[in-house]
Amino acid sequence: MYKKIPIIPLAVIAVVVAAITAAQALIIDWLPPASTEQAERTFGLLWFLFWMSAVFFVIVTSILIYAIWKWRATDDDLEDGPPTHGNTKLEIVWTVVPSIALVIVAVYGYVVLERNEAVAADRLTVDVYAQQFNWTYGYPEAGIETGTLVVPEGRQVQLNVRARDVIHDFWVPEFGIKGDAVPGITHTLWINPTKTGTYPVVCAELCGVGHSVMRSEVKVVTAKEYTAWLAKATARVKASTAATAAAAKLESAPGDVAAGKAVFEAKCSGCHADLGKTAGVGPAIVGTALTTDQIRAQIKNGKGAMPGGLATGTDLADVVAFVESIK
Ligand code: CUA
């Protein structure tokens, strides 16, 4: 047993152990830059835990290394050591100190969790849909869906994470959040983006053969850019919906038989010989049992060796009218 604490050798060992511990913490880039308030708090907690653990690690390891070196057995020493009894003072210290440390960690962790999940009244809600093997983002207020998540800086965003097939996991390392997408369950996550930029969205749950490529992007933009983006995305969706409706209207309008005959000669007679009266590469059309809607759908979408899209819009309406006139 020692009479005095061997301060100098212990200090030397402690400095070396502390230097190695600090070096691996500081040299390696462990975390991505925090880009939400949640990530700042979570990463702060993580580093607090690390440095606290490092202090205890240095103390315990230094004493251990000193003891191994100081009281090592010689080669011919086969005796057991002298019996020793417990040290009440030491036992109190090593019970009380870790207890205090655990209480500090618990309180800090609770505060971080509480603040990270504090919901703001003016938050933006975005639906996140996971499916093998891609991510879709829905903006319920605007009624649009996108393949890239776009969120404004400086405003809370609530992400309602859902799965359309199997279990996935929504993870943006820079956001410091991660949440399972489970079929039948809505998993809510909150972020307060603080830094504009483009960050990766990663699926963090093995979900099938395409799991490793189930990536997407999230763009954090300024509030002004977000408003502009949303207006543009909404307008584009409206325009394409209107265009689809207009095209459908044109296609299903009553067609002109004579004009349809010209379209048929140009686009169809290569395969449907003799103006559809006899079979060429394709079958004869005269005598077909297809209804008008089926004829239109087949010209539009194709069938077997016949490609779709040979006639669109007014041409489609006309050629349907022509086929109707000969069938
Ligand atoms: Cu989706 Cu892994």
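Could you please find all residues in the stretch 283-299 being of a type in the set (A, V, I, L, M, F, W, C), open to solvent by less than 90 Å² (accessible area, probe 1.4 Å) and in a loop (DSSP other than H, G, I, E, B)?
Restricting attention to the stretch 283-299, the residues satisfying the condition of being of a type in the set (A, V, I, L, M, F, W, C) are 284-286, 289-290, 295, 297, 299.
Still in the running and open to solvent by less than 90 Å² (accessible area, probe 1.4 Å): 284-286, 290, 295, 297, 299.
Hits for the stretch 283-299 are Ala284, Ile285, Val286, Leu290.
Considering (1) more than 13 Å from the chain's Cα centre (by Cα); (2) touching a residue at least 24 places away in the same chain (Cβ under 8 Å); (3) within 16 Å of the ligand (Cβ to nearest atom), say which one Ala181 fails and leave the rest.
(1)
Looking at (1) away from the ligand (no atom under 16 Å from the Cβ); (2) touching a helix residue (DSSP H, G or I) at 6+ places or on another chain (Cβ under 9 Å), can you tell me which one Thr84 breaks?
Thr84 satisfies every listed condition except (2).
Only one of (1) within 16 Å of the ligand (Cβ to nearest atom); (2) open to solvent by less than 60 Å² (accessible area, probe 1.4 Å) is not met by Gln156, so which one is it?
Condition not satisfied by Gln156: (1).
Within the stretch 17-27, is even one residue open to solvent by 90 Å² or more (accessible area, probe 1.4 Å) and within 30 Å of Thr194 (Cβ to Cβ)?
First pass over the stretch 17-27, keeping only residues open to solvent by 90 Å² or more (accessible area, probe 1.4 Å): 20, 26-27.
With within 30 Å of Thr194 (Cβ to Cβ) added as a condition, the list becomes 26-27.
Yes: one or more hits.
Among the residues of the stretch 240-284, write down those that are on the phi > 0 side of the Ramachandran plot and without any contact (Cβ under 8 Å) to a residue 40 or more places away in the chain. Don't jump to the end; show me each part of the working.
Our first condition is that a residue be on the phi > 0 side of the Ramachandran plot; within the stretch 240-284, this holds for 274-276.
Selection gives Asp274 alone.
Within the stretch 311-327, which residues are over 43 Å from the mean Cα position of the chain (by Cα) and not in a helix (DSSP H, G or I)?
Lys327, the sole residue that qualifies.
Any idea which of Gly280, Gly276, Gly302, Gly308 is open to solvent by less than 50 Å² (accessible area, probe 1.4 Å), over 44 Å from the mean Cα position of the chain (by Cα) and farther than 18 Å from Ala258 by Cα?
Numbers: Gly276 fails: farther than 18 Å from Ala258 by Cα; Gly302 fails: over 44 Å from the mean Cα position of the chain (by Cα); Gly308 fails: over 44 Å from the mean Cα position of the chain (by Cα).
Exactly one of Gly280, Gly276, Gly302, Gly308 is open to solvent by less than 50 Å² (accessible area, probe 1.4 Å), over 44 Å from the mean Cα position of the chain (by Cα) and farther than 18 Å from Ala258 by Cα, namely Gly280.
If you scan the stretch 166-175, which residues turn out to be open to solvent by 20 Å² or more (accessible area, probe 1.4 Å) and either at pLDDT below 95 or within 12 Å of the ligand (Cβ to nearest atom) (or both)? Even if it seems obvious, please write down each step before you answer.
Within the stretch 166-175, the subset open to solvent by 20 Å² or more (accessible area, probe 1.4 Å) is 166-167, 171, 173-174.
Selection gives Val166, Ile167, Trp171.
Give the stretch 82-114 a look and list any residue that's modelled with pLDDT under 95 and charged (D, E, K, R), or say none.
Correct list: Lys89, Glu91.
Among the candidates Gly260, Gly255, which residue alone is of a type in the set (Gly, Ala, Ser) and outside any helix (DSSP H, G or I)? Walk me through it before giving the result.
Details: Gly260 fails: outside any helix (DSSP H, G or I).
None of the others qualify; the one that does is Gly255.
Determine which single condition Val119 fails, assuming it passes every other condition in (1) touching a residue at least 40 places away in the same chain (Cβ under 8 Å); (2) aliphatic (A, V, I, L, M); (3) farther than 30 Å from Asp169 by Cα.
Going through (1) touching a residue at least 40 places away in the same chain (Cβ under 8 Å); (2) aliphatic (A, V, I, L, M); (3) farther than 30 Å from Asp169 by Cα one by one, Val119 breaks only (3).
Open to solvent by 60 Å² or more (accessible area, probe 1.4 Å) and more than 16 Å from the ligand (Cβ to nearest atom), is that true of Ala258?
Values: open to solvent by 60 Å² or more (accessible area, probe 1.4 Å): yes; more than 16 Å from the ligand (Cβ to nearest atom): yes.
Yes; evaluated as a whole, the condition is true for this residue.
Considering only residues that are within 13 Å of the ligand (Cβ to nearest atom) and buried (at least 19 other Cβ atoms within 10 Å of the Cβ), which ones fall in the stretch 184-204?
So the first thing to find is which residues in the stretch 184-204 are within 13 Å of the ligand (Cβ to nearest atom), and the list is 201-204.
Passing the criteria: Val201, Cys203.
The values are calculated or read from the model by the stated rules, or taken from the named source; none is laboratory data. Model, not experiment: these values are computed from the prediction. Neighbour counts run over all protein chains shown; Cβ positions are idealised from the backbone, glycine included. Each accessible area value is taken on the protein alone, full model and side chains, heavy atoms only, with ligands, DNA and RNA left out. Shrake-Rupley method; radii C 1.70, N 1.55, O 1.52, S 1.80 Å.
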